[in-house]
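A.B. asks: Starting off with a structure, shown below.
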């Protein structure tokens with residue numbers, strides 16, 4: 001979460017089971033409850049209601065107040081061709097937010113979330129702070145409402161929208177983890193829900209924004225990554241492999257984290273080996289050193305063999321695997337390891 005000042009109040013709203021509509025109206029009413037109409041200059045009031053007035057007059061934006069099919073159609077049009085000009089873009093954004101606050105149709109929500117991301121991306125050069133705030137609104141609206149029953153297509157749209165404005169995923173996701181780990185007064189179940197939300201979001205990402213977030217998480221001074229449970233750490237490390245980008249990435253941050261935390265578990269080491277062997281690293285011999293340590297245990301050797309067979313680990317580590325098979329044959333092997341060695345041609 002980027003906002004400060006009303007942080008505790010904002011978290012108390014977002015961490016409860018408010019509907020999106022409730023959150024929207026609570027947030028929008030924050031400033032109104034502190035100023036009477038007489039205290040607000042006429043020109044300010046007119047500026048505040050300008051987007052709403054425009055929405056009422058624009059036939060496309062009026063459709064966002066219609067039935068689910070009309071909302072989907074309007075959102076699709078906005079996403080395919082976001083309005084040009086700041087005023088028109090802001091009017092469309094407010095209308096999309098209003099529709100998101102009330103819709104209960106999964107297909108409509110998916111279309112609206114994608115439209116919101118497109119609108120933010122369209123305004124990044126002209127109004128970068130506004131674009132970041134727009135993405136944050138969408139992110140937090142999903143953060144507060146996400147449950148295991150959230151439709152997959154809605155969650156995917158949340159992820160795609162988050163990736164549309166560079167840098168926002170890193171900031172917002174680390175902010176949510178900070179709340180989950182460090183915020184006082186947060187109920188244990190809510191902490192776990194927020195951590196799972198961030199992890200699921202990272203697992204769904206496909207652009208370089210995922211690597212940017214993971215790099216920052218693994219190398220940050222806050223050490224948030226070290227506070228997560230090993231299974232969640234392993235899932236996040238594996239997120240590097242999902243990136244499909246023409247821009248090169250590497251797993252140097254994973255190697256750096258392992259070096260800084262030498263007490264890592266086998267679960268973390270195996271996930272790291274899989275990621276490093278597929279994604280690559282500029283750290284010379286990192287994969288070799290990692291696999292040699294893992295292969296000291298028979299159960300790790302078996303798991304590495306299974307992942308080699310499945311193509312999840314690059315076969316460049318086969319020499320180390322073969323040496324381990326030979327060593328275990330003298331000190332106590334297993335039928336499973338012998339089977340894997342035979343299948344890999346290193347028996």
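Read-outs: derived from the displayed coordinates by stated rules, not from any lab. In this text, all values refer to a predicted model and were calculated from it rather than measured experimentally. Cβ: placed from backbone, ideal geometry, glycine included. Neighbour counts: every protein chain shown.
A.B. asks: One quarter of the convex hull surface, Cα atoms only: what value does that give for region 96-175 in nm²?
C.D. replies: 4.9
A.B. asks: Let me ask something else about it. Specify whether the C-alpha gyration tensor of region 75-225 places it in the rounded, prolate or oblate class, a ≥ b ≥ c being the square roots of the eigenvalues: rounded for a/c under 1.5, otherwise prolate if a/b is larger than b/c and oblate if not.
C.D. replies: Because a/c hits 1.5 or more and a/b exceeds b/c, region 75-225 counts as prolate.
A.B. asks: Grab the eigenvalues of the alpha-carbon gyration tensor for region 76-143, scale each by 5, take roots, and send me the semi-axes largest first in whole angstrom.
C.D. replies: The three semi-axes for region 76-143 are 19, 13, 9 Å.
A.B. asks: What's the Kirkwood radius of region 195-347 in Å, using all Cα pairs?
C.D. replies: Hydrodynamic radius (Kirkwood, Cα only) of region 195-347 equals 16.1 Å.
A.B. asks: So for 63, 107, 260, fewest C-beta neighbours within 10 Å to most, what's the order? Write down the numbers at each step before the final one.
C.D. replies: Values: 63 20, 107 17, 260 12.
If I rank by nearby Cβ atoms, fewest first, I get 260, 107, 63.
A.B. asks: Based on alpha-carbon centroids, what's the gap between region 72-122 and region 177-224 in Å, whole number please?
C.D. replies: Answer, in whole Å: 27.
A.B. asks: Moving to a separate point now. With the radius of gyration and the Kirkwood radius both derived from the Cα set of region 139-248, what is their ratio Rg to Rh?
C.D. replies: Rounded to two decimals, Rg/Rh equals 0.94.
A.B. asks: Which order results if 158, 261, 146 are arranged by neighbouring Cβ count within 10 Å, fewest first? The partial results should precede the final answer.
C.D. replies: Numbers: 158 27, 261 13, 146 18.
Taking fewest neighbouring Cβ atoms as first place, the list is 261, 146, 158.
A.B. asks: Quick check on region 192-243: take the gyration tensor over C-alpha atoms, sort the square-rooted eigenvalues as a ≥ b ≥ c, and tell me if it's rounded (a/c under 1.5), prolate or oblate.
C.D. replies: Since a/c reaches 1.5 but b/c is at least a/b, the shape of region 192-243 is classed as oblate.
A.B. asks: Could you line up 150, 103 from fewest to most neighbouring Cβ atoms inside 10 Å?
C.D. replies: Fewest-to-most ranking of 150, 103: 150, 103.
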